1. Among the residues of region 51-61 satisfying the criterion of being of a type outside the set (Val, Ile, Thr) and within 11 Å of the chain's Cα centre (by Cα), which is nearest to Leu117 (Cα to Cα)?
2. What number of residues in region 35-48 are part of a helix (DSSP H, G or I) and over 14 Å from Leu103 (Cβ atoms)?
3. Kindly indicate whether any position in region 69-92 is surrounded by fewer than 16 Cβ atoms within 10 Å (Cβ to Cβ), touching a Gly at 6+ places or on another chain (Cβ under 9 Å) and either of a type outside the set (Ser, Thr, Tyr) or without any contact (Cβ under 8 Å) to a residue 60 or more places away in the chain (or both).
Amino acid sequence: MSGPGLTQRDTHHAIHQAALEEAVHLTRMLKSVSAQGDSVKALQLCDVLLEHWDTRILAHADAEETGLYQDLVRADASKSSAIIRLTRDHDLLRTLHAETQRLLSERGWTAGVIERLEALLLLDAIHSRDEESFLFADKGGARDVEG
């Protein structure tokens, strides 16, 4: 069963927004450090950013999938196709996260890392907007999630 924060529009939106804003902030810092040519600091900051994705955003996705999404499908099987799409978004986030980690471990600080991190931001913003619209359509829809 999902926790109350996942089923309440404003709380769920706040969870998405806070996690995304922090990821945006850390990504901007990383781009700035990278532009200054400090690859050691960039690697350290990238570790912090990937941990943020893992502990905040992907952990939230796991909680949705093991609680909220299952509850929704049990209550109304017609929602299963939407849940499959939302879960696919989570899978794409996990894939990009894993690719970024792999790239860093195999090549160190290299081209492609920031692009993957920016793709994570964009995908998460779109997913959050779509998910909130689906979950709370009967409660006035969702607010835009900026990235």
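1. By that ranking, first place goes to Trp53.
2. Residues meeting the conditions: 6.
3. no
Taken together, the values in this text are just the output of simple stated rules run on the coordinates, not laboratory data. None of these values were measured; they are calculated from a predicted model. No Cβ is skipped: glycine too gets one built from the backbone with ideal geometry, and neighbour counts run over all protein chains shown.
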